[in-house]
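Colleague: Below you'll find the structure I mean.
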Amino acid sequence: LGDDVAFAGDLYGVSPGGNFEGMNILHLPEPMSAIVARTGMDGGELGEAKKRIDDRLRARRSTRVRPGLDDKVVTAWNGLALRAFAEAGAILSDERYLTVADGIARFLTESAMPDDRLLRSWRGGRSGPDAFCDDFGAAALGLFALYQAAGEQRWYDAAERLVREMVERFEDPAGGFFATASDGEALIARPKNTHDNPTPSDNALAAEALATLAAFTGDAGATARLERTIQSIGPSLSTHPWAHGSLLGVWLANPMREVAVVGDADARRPFLDVVWERFRPDAVVAQGDGSDAVVPLLADRGSGDAGRAYVCRGFVCELPAESPDALRAQLDGG
């Protein structure tokens, strides 16, 4: 660093004793404004000095072997991202987020599903291995979220199909879900992941996907599988609840409230805004014009341009809410 070495050491917190096991990890110990006040340098002069030092540090670092880069696309992680963007788009009424969500959903249902079979990962045009349980659960929840936000039937259809395939290939008859598929690589023992890590556990994702499907369809089989999943992990839930936060959240949110919003697109909008105006983890929303109700929750709700909403539990519904205020009263009243 030449003449800048002393200043670089001060700038990046270098000390004789080091800051990590006798070594120095370069960092900025104080804001740039504080350095300007302490040294008397003006902002432009400090910026030029920092750029000069950084350029030399990068040149030196470029001579070292670079760490490996894991740049594959993982289905489960994209399912979680899809859900976040879809919900952000709905809550904030921001088409930018819905556009991103739509792109992720297209990737999951096209590139990540060649030959109609969901994959674990994808990189540079090359397909990875078959998907695991968490891939199915996260992708289904992301697609369900985009259906709720955008109202496009195809995303509901894709999500429902993934949940039913997840049950077929990963369910443990004794309760819960294995991480690997029944038609996958033969292992000495099929693992079953029940503890959350940085992401929700396989069983938490599967349980929430089942709960969401049951809320849209009234499927008693999905509800029974959800209950068996929770019961199978019950002892650990009691003794180590902090390891199962995601599954506990699913348990506490059930039975879920089912909200059906019908009418033309403009008439539905004020009702949907009420649904999204507050955090409602115990509610799902289906929307449509009532003319062709493929989603069971929308069946027999009538049709027409005027908007209205139905709030139900177990497909037992309150009187239709004819105004957004009436819907808000039903949702906030329990």
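Colleague: For region 226-260 and region 112-186, write down the distance between their C-alpha centroids in whole Å.
Modeller: Centre-to-centre (Cα) distance: 21 Å.
Colleague: Moving on to the next point. From a point 7 Å beyond the Cα of A84 in the direction of its Cβ, which residues of region 105-144 have a backbone N at a distance under 16 Å?
Modeller: 105, 138-139, 141-143
Colleague: Under a point-charge model restricted to the Cβ atoms of Lys and Arg (+1) and Asp and Glu (-1), what is the dipole moment magnitude of the chain relative to its Cα centre, in debye to the nearest 20?
Modeller: 960
Colleague: At a 4.7 angstrom Cβ threshold, list every cysteine in the chain that has nobody to pair with, or say none.
Modeller: Unpaired cysteines in the chain: C133.
Colleague: Just one of [x] 55, 49, 42; [y] 80, 55, 44; [z] 66, 46, 35 is Cα extents along the principal axes in Å calculated from these coordinates, so which is it?
Modeller: This structure yields the entry labelled [y].
Colleague: Could you do me a favour and compute the accessible area per residue for the chain, 1.4 Å probe, result in Å²?
Modeller: Ligands and nucleic acids excluded, the figure is 52 Å² per residue.
Colleague: Using 0.36 nm times the number of residues separating R278 and S111, minus their current alpha carbon distance, what extension gain do you get?
Modeller: Answer, rounded to one decimal: 56.7 nm.
Colleague: With the chain treated as a Gaussian network of Cα nodes joined by springs under 10 Å, which of E208, E171, E185 yields the largest mean-square fluctuation?
Modeller: Looking only at E208, E171, E185, the largest GNM fluctuation is found for E185.
Colleague: Continuing with the same structure: Just order 320-330, 91-101 by mean Cβ neighbour count inside 10 Å, highest at the front, would you?
Modeller: Sorting 320-330, 91-101 by mean packing, highest first, produces 320-330, 91-101.
Colleague: Send over the semi-axes of region 110-193's equivalent ellipsoid, whole angstrom and largest first, taken as the square roots of 5 times the C-alpha gyration tensor eigenvalues.
Modeller: 23, 17, 9
Colleague: Between L92 and L57, what FRET efficiency comes out of the Förster formula 1/(1 + (r/R0)^6) with R0 = 45 Å and r the beta carbon distance, rounded to 0.05?
Modeller: So the FRET efficiency works out to roughly 0.70.
Colleague: Along the charge dipole of the chain, pointing to its positive end and built from +1/-1 on Cβ of Lys, Arg, Asp and Glu, which listed residue (L98, T75, G307) has its Cα farthest out?
Modeller: Going by the charge dipole, the pick is T75.
Colleague: Here's another thing I want to ask about it. How many nm separate the modelled label positions at A267 and D70, each set 7 Å beyond the Cα in the direction of the Cβ?
Modeller: Distance between label points: 5.2 nm.
The values are calculated or read from the model by the stated rules, or taken from the named source; none is laboratory data. The structure presented is a predicted model; accordingly, all values stated were derived computationally and were not measured. Positions of Cβ are backbone-derived with ideal geometry, glycine not excepted, and every protein chain shown enters the neighbour counts. Please note that ligands, DNA and RNA were not included when accessible areas were found on the heavy atoms of the full protein model with its side chains. Shrake-Rupley method; radii C 1.70, N 1.55, O 1.52, S 1.80 Å.
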